[in-house]
Amino acid sequence: MAHKALWSGRFTEPLADIALKFSSSIDLDKQLFREDIAGSIAHVEMLSATHILTAAESRRIRTALKQIQKEIETGKFRLTAEHEDIHLAIEQRLIQKIGPLGGKLHTGRSRNDQVALDERLYLRSAIKELNKLIIQLQRVLLYKSEKYFGALMPGYTHLQRAQPVMLSHHLLAYVSMLERDYGRLQDCMGRLNKLPLGAAALAGTSFPIDRAKVAKKLHFDGIVENSLDAVSDRDYLLELISSCSIIMMHLSRMAEELVLWSTKEFGFIHISDAYTTGSSIMPQKKNPDMAELVRGKTGRVYGSLVNLLTVMKALPLAYNRDMQEDKLPMFEAVGTTQQCLMIIAQMLVHSTFDRHRMEEELRNDFLTATEIADYLVRKGLPFRDAHEVTGKVVSHCINHRMYLGNLDIETLRLFSKLFAPDVLDYIYPQKSVEQKKSAGSTSPHEVKRQIVHWGRVLRGRKW
Ligand code: ARG
């Protein structure tokens, strides 16, 4: 049987069991018990500093709250479905322990501002953890870029072989992507780190509370000014889940490349046994399940974003119970993104690249065709004509079952008299990357510059 609800004064009938079950959020929001207690302690300290409670009352409440935290941590106080939510469960336990004094904790606040506070506190640590995991993944990618510096691979567009690139260049592209993710989380933190507590239910309170004091105690940069906004806003959570969705989109692309590259057809990477699984029927199989799961779990995070956007759509101000549905997308998006960042970094640590395979693929193809066209351009031919001539050379090779590397100068001169023996230099993949002159290109000089840059950035970054 349920407890008598703390709000039941005007009711003559208790909440139906199925209504309580339906509306209880404790299953999920119990994860916020530490944040809830930290918020209550700061609130009650402020209540005594402003003489709304006596120092002795405040002390007794704080001591009991700390005991409740221990009780939850040790499983002595069990948070079960008979509680409507984490806030009421803790308050109820407080009253059980210290009697009517416990009822003074809620002076000048409401669950509406309380839940927003708990979430902001939780997300603050979630962002710190996400930052740490992003930096770790960036460091793994940088480490691999240094280790394999010099290795060449086919670069792709349309998943068709395009031009030779350095493997390090490809890996560092992900470091740049993750850097934007990191920046987005920082932006999020800037807007999120404001105290909503003190908005009370929606209109503020007639008690002379000191919101700035609570903000300071809880290390917020300030308060959410408008009380209606403070309790009805979930932008901070939407922004975070959007950032998580973009992180997952990046990870899904990396995961997809790991899946492709570990196939026999590509053979560019060997993922360690510890991060792959076998088949229950085909003894020869070694599957890249972790990468596939990262790809798959991306759906959960996108789903969370659409879930919460839809919950918030067209809600009138201020708080509405619909908003309680924000917990599932919040925990889902944060938890999944953290797990995926972690597993993909570990998987990369335990993978080796096969540079010989990658370079073999470069030789047996036409990836340096653009170099031949550029050569003709340097000899004075307009680029479009150079493109046409080189296309004919490629078609000739295909018809004769050969690659650019098999061409001799006599054959090339059949297509253009501008070809001289030095053209053969440009056919080599190594030459192709070395020829690149533009900033940010795949030339060894530019890639080295990126490595040095990221080394400096990531070494100095603390979490
Ligand atoms: N469990 C609620 C939630 O997560 C807490 C706020 C409830 N407020 C209320 N007036 N019923 O949104």
Return the pairs, sorted by first residue and then second, in which the second residue is within 16 Å of the ligand (Cβ to nearest atom) and among the aromatic types (F, W, Y), the first residue lies in the range 83-111 and is farther than 18 Å from A56 by Cα and in contact (Cβ under 8 Å) with a residue 12 or more places away in the chain, the beta carbons are less than 8 Å apart, and the residues are 6+ apart or on different chains. I86/F33; I90/F33
What number of residues within the range 112-144 are more than 16 Å from the ligand (Cβ to nearest atom) and polar (S, T, N, Q)? 4
Residue list for the range 391-440, filter: over 18 Å from K379 (Cβ atoms) and among the basic types (K, R): R401, K436
Looking at this structure, is L159 at pLDDT 95 or above and within 16 Å of the ligand (Cβ to nearest atom)? no
Only one of G75, G150, G99, G108 is at positive phi and within 16 Å of the ligand (Cβ to nearest atom). Can you tell me which? G108
Flagged in the range 192-228 as assigned to a helix (DSSP H, G or I) and touching a helix residue (DSSP H, G or I) at 6+ places or on another chain (Cβ under 6 Å), in numbering order, are L192, K213, V214, K217
Of everything in the range 307-326, what is within 10 Å of the ligand (Cβ to nearest atom), in a helix (DSSP H, G or I) and surrounded by fewer than 21 Cβ atoms within 10 Å (Cβ to Cβ)? Give them in sequence order. R321, D322, Q324, E325
Any pair with Cβ under 8 angstrom, 6 or more apart, that starts in the range 265-281 at a residue that is crowded, with 17+ Cβ neighbours inside 10 Å and ends at one that is hydroxyl-bearing (S, T, Y) and outside any loop (DSSP other than H, G, I, E, B): I269/S351; I269/T352; I271/S351; Y275/S351
Please determine, by comparing only the residues of the range 415-436 that are free of Cβ contacts under 8 Å to residues at least 60 places away in the same chain and touching a His at 6+ places or on another chain (Cβ under 9 Å), which one is surrounded by the fewest Cβ atoms within 10 Å (Cβ to Cβ). E434
Name the residue, out of L367, L348, L381, that is aliphatic (A, V, I, L, M) and under 30 Å from the mean Cα position of the chain (by Cα). L348
Residues of the range 78-96 satisfying the condition of being more than 16 Å from the ligand (Cβ to nearest atom) and either of a type in the set (G, A, S) or out of contact with any helix residue (DSSP H, G or I) (no Cβ under 7 Å at 6 or more places or on another chain) (or both): R78, Q96
From the residues in the range 419-463 that are charged (D, E, K, R) and either in contact with a Phe, Trp or Tyr (Cβ under 6 Å, 6 or more places away or on another chain) or in a helix (DSSP H, G or I) (or both), which one is modelled with the lowest pLDDT? D425
Of the numbered conditions (1) closer than 30 Å to D365 by Cα; (2) touching a strand residue (DSSP E or B) at 6+ places or on another chain (Cβ under 8 Å), T157 satisfies every one except a single condition; which is it? (2)
Filter result for I68 (at pLDDT 95 or above and crowded, with 20+ Cβ neighbours inside 10 Å): yes
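The values are calculated or read from the model by the stated rules, or taken from the named source; none is laboratory data. Fair warning: this is a prediction, and the values are worked out from it, not measured in the lab. Please note: Cβ atoms are built from the backbone with ideal geometry, for glycine as well, and neighbour counts cover all protein chains shown.
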